[in-house]
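The values are calculated or read from the model by the stated rules, or taken from the named source; none is laboratory data. A quick note: this is a predicted structure, and the numbers were derived from the prediction, not measured. So basically every Cβ, Gly included, is an ideal-geometry build from the backbone, and we count neighbours across all protein chains shown.
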Amino acid sequence: MAFTEIEEAQTRAKFVDTLIKQIAPEKYVMKQAVVIISTDAWVNYFWREGRDVLTGQSGNAIGGIPRLAEFPQASAEWERLDSILTKYGLEENISWEDLRTSEIDIMTRTSIKIVEGVSDVVDQAIYDGLAGDAAVQTLDISAGYEWNAGSAAIIDNLFECAEKFKDYNLPTNKIYCFMNSRDKRSLMVYMAEKGAQWMNISEKIAVTGGIGTIAGMTLIETKAAPASEALVVIPKRCGTWRENQALTTITKEDPYRSMTIRAVEMGTLQVHEPKAIVKISNTEA
């Protein structure tokens, strides 16, 4: 029995939604760095804890309290911050004639491109939010030691980032380093030239954009990283993506005229632990 126009429209809508759900996770890279939590609030409040280790007052140290003496007092500090939801979306209107006669699978290809457009902007927003927080730690590579220079010290730079985390009593058992394609190239050349150290890079890891690992530090390629910059983070600890609407698509048909494919997502980034982030600058000469 032949499908009616309504049944064909419903079938196309289900196909597009299923397709989006299958390919969308592969398009996001920066969401690996954060915790994803749903929210129903337009303005989302969160608390940021001070990272300084508590100490006693002058003349009243933590160690060596005399008999019957008062204990030194120290107060933790918290800062109340807020973030506002941002809506992301994209759509395309395809003619009825193209849907039925195009020499390419225009519905599938358009759906994929729509997802790419939205996911790229969301990924960029997460990267920019993590790297742009005023309280993040920084590492500026000196001239002549850039990652594509002859005196590069990439491994030392990465472990210096881990050292910076330890300075704030943060765990270093799991660290991600996000870098652009140019820095990935520099890293691979550097490791190849170091001979035996090449084996420290695993051949394959199961994460989006994964390059490999160095002593437990996961290296990830992302187009969100700008030129001459990399971002090292403690994943899930550094921030949260508060999600009001996960990536969703709808199709809307005007019978015998056109079909609209629309994708939408809404969320906001919260940088809970800026000291769990190190922005590396001057990676390229």
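In the list I94, I104, I114, which residue meets the criterion of being part of a strand (DSSP E or B), among the aliphatic types (A, V, I, L, M) and over 30 Å from A134 (Cα atoms)?
Working: I104 fails: part of a strand (DSSP E or B); I114 fails: part of a strand (DSSP E or B).
One residue alone meets the criteria, I94.
Residue check, P226 against (1) touching a Cys at 6+ places or on another chain (Cβ under 9 Å); (2) at pLDDT 95 or above, all met but one. Which one?
(1)
Could you list all residues from the range 99-143 that are of a type in the set (S, T, N, Q), over 20 Å from the mean Cα position of the chain (by Cα) and within 27 Å of A230 (Cα to Cα)?
S142 - this is the single residue of the range 99-143 that is of a type in the set (S, T, N, Q), over 20 Å from the mean Cα position of the chain (by Cα) and within 27 Å of A230 (Cα to Cα).
Of a type outside the set (V, I, T), out of contact with any His (no Cβ under 9 Å at 6 or more places or on another chain) and without any contact (Cβ under 8 Å) to a residue 24 or more places away in the chain, is that true of G150?
yes
Filter the range 137-146 down to residues that are outside any loop (DSSP other than H, G, I, E, B) and surrounded by 16 or more Cβ atoms within 10 Å (Cβ to Cβ), then give me how many there are.
Of the residues in the range 137-146, 2 are outside any loop (DSSP other than H, G, I, E, B) and surrounded by 16 or more Cβ atoms within 10 Å (Cβ to Cβ).
Where in the range 205-265 are the strands (runs of 3 or more DSSP E), entirely inside, with at least 2 residues that are of a type in the set (G, A, S)?
Values: elements: 210-214, 217-221, 229-233, 240-254.
Hits in the range 205-265: 210-214.
With respect to N157, determine if the residue is out of contact with any strand residue (DSSP E or B) (no Cβ under 8 Å at 6 or more places or on another chain), at pLDDT 90 or above and not basic (K, R).
No: the conditions fail for N157.
Return the total of residues in the range 168-209 being within 12 Å of L158 (Cβ to Cβ), modelled with pLDDT of 90 or more and surrounded by fewer than 20 Cβ atoms within 10 Å (Cβ to Cβ).
Adding up the residues that qualify gives 1.
Can you find even one residue in the range 147-155 that is farther than 30 Å from A263 by Cβ and surrounded by fewer than 13 Cβ atoms within 10 Å (Cβ to Cβ)? Let's see the steps before the verdict.
Applying the first criterion (farther than 30 Å from A263 by Cβ) to the range 147-155 yields 147-155.
Filter once more, so that each one left must be surrounded by fewer than 13 Cβ atoms within 10 Å (Cβ to Cβ): 150-151.
Yes; the residues of the range 147-155 include at least one that is farther than 30 Å from A263 by Cβ and surrounded by fewer than 13 Cβ atoms within 10 Å (Cβ to Cβ).
Kindly provide the set of residues from the range 114-136 that are polar (S, T, N, Q) and surrounded by 18 or more Cβ atoms within 10 Å (Cβ to Cβ), ordered by number.
S119
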